[in-house]
Amino acid sequence: MPYLLGEEEGRPHNTLWWRMGEEAAFRSGDGKLVRDRSAGPGLGWQLFNLADDLGATRDRRGEHPELLERLAESWNLMDAETKVGGSSPSE
C-alpha cells in the first residue's frame, strides 16, 4: 500500500510476470515480453520498451535481440521454479 498511497517512490518490484494457458508476460525494468499464441503459431515472444511505448504497440525484438534473450532466460528460470504439476509453456 505505501506505493499506492504515495508514501514510497520507485517501483515496488524488480520483475512482474504472469502466465495463463498459452499466454504469458514478463516485465523487468522498462522491458516487457509478451507471448500470445492465439495470435498465431510460432509467434514466440514479442519485446516492448515501456519507457517510450507504454501501450506496448511496437515490437522491438528485431532491434534488441540481446535484451530479448536476457529477458527470455529470466522467464525460463522463473517458469521452471514455479511450475505446479503438469506443464507450462516456455520458450
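Only the coordinates and a few stated rules stand behind these numbers; no lab work does. Owing to the predicted nature of the structure, the values given are computational and were not obtained by experimental measurement.
Calculate, in nm to one decimal, what ASP53 and ARG11 gain on full extension: separation in residues at 0.36 nm each, minus their alpha carbon distance.
Working it through step by step, the gained length comes to 13.3 nm.
Å³ per residue of the Cα convex hull, for segment 15-82?
92 Å³
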